[in-house]
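Notes follow the structure.
The values are calculated or read from the model by the stated rules, or taken from the named source; none is laboratory data. Nothing here was measured: the structure is a model prediction, and the numbers come from that model. Every residue, glycine among them, receives a Cβ derived from its backbone with ideal geometry; neighbour counts consider all protein chains shown.
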Ligand SMILES: [Zn+2]
């Protein structure tokens with residue numbers, strides 16, 4: 001049964017949405033998900049989970065950015081504000097995390113203020129909500145404890161070396177933390193790792209010992 005009950009089934013019937021990977025309208029019965037088709041799911045799974053060590057922390061990636069339909073899905077999440085894309089990808093991210101006995105605090109990467117004003121939402125936070133929805137409130141909690149240090153600008157047009165330098169000290173952790181608790185930084189895409197490094201270092205700086213990261217896709 002689709003999450004959201006009968007109303008969601010009715011809405012899906014009245015307003016069908018295309019697969020966010022390939023753009024085709026698919027029957028929800030074949031993959032159990034109306035916006036992500038079985039064909040795209042097979043390609044995503046074939047790309048596999050990847051784990052990278054960044055600043056002493058393990059960062060898990062649900063799939064690869066090399067898969068075209070995954071790139072389309074991430075684009076959907078960023079620019080078309082489809083919350084359900086966040087639910088689907090949140091499930092992927094949840095599934096790529098190793099099983100954990102204790103509760104995990106999810107820490108979304110904050111968006112630049114200007115971008116947040118333009119877009120109206122932070123995609124990392126939507127992904128964190130998707131993970132929480134997939135794993136349950138007894139296992140996950142979201143805390144927005146990172147803020148951006150001022151005057152860092154956007155990353156997109158910088159070279160790898162420039163990015164690494166520019167992101168140093170880019171985040172500040174704003175809350176007193178519990179060193180015994182597991183924190184997990186949430187972002188959409190892992191490229192050079194400079195954003196993730198800055199976020200991990202900001203948490204280290206305030207005494208967090210157990211840190212990991214999770215992203216939808218790694219480049
Ligand atoms: Zn598809």
Discussion item. Within the range 1-22, take every residue that is modelled with pLDDT of 70 or more and surrounded by 13 or more Cβ atoms within 10 Å (Cβ to Cβ) and give me the one that is farthest from the ligand (Cβ to nearest atom).
Written reply: 16
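Considering the range 31-61 alone, what residues qualify as being touching a strand residue (DSSP E or B) at 6+ places or on another chain (Cβ under 6 Å) and under 21 Å from residue 17 (Cβ atoms)?
Restricting attention to the range 31-61, the residues satisfying the condition of being touching a strand residue (DSSP E or B) at 6+ places or on another chain (Cβ under 6 Å) are 44, 47, 50-52, 57-61.
The answer is 44, and nothing else.
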Worksheet item: Of 93, 89, which residue is closer than 22 Å to residue 115 by Cβ, touching a residue at least 60 places away in the same chain (Cβ under 8 Å), surrounded by 20 or more Cβ atoms within 10 Å (Cβ to Cβ) and away from the ligand (no atom under 16 Å from the Cβ)?
Response: 93
Item to complete: Kindly list the number of the only condition in (1) away from the ligand (no atom under 14 Å from the Cβ); (2) at pLDDT below 95; (3) under 23 Å from residue 199 (Cβ atoms) that fails for residue 75.
Response: (1)
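State yes or no: is residue 49 at pLDDT below 95, closer than 25 Å to residue 211 by Cβ and surrounded by 15 or more Cβ atoms within 10 Å (Cβ to Cβ)?
Working: at pLDDT below 95: yes; closer than 25 Å to residue 211 by Cβ: yes; surrounded by 15 or more Cβ atoms within 10 Å (Cβ to Cβ): yes.
So residue 49 fits the description; yes.
Limited to the range 112-129, what total is found for residues that are modelled with pLDDT under 90 and outside any helix (DSSP H, G or I)? Working first, answer last.
Initial filter on the range 112-129 (modelled with pLDDT under 90): 112-121.
In the following step, the residues that additionally are outside any helix (DSSP H, G or I) were identified as 112, 120-121.
Going through the range 112-129 one residue at a time, the tally reaches 3.
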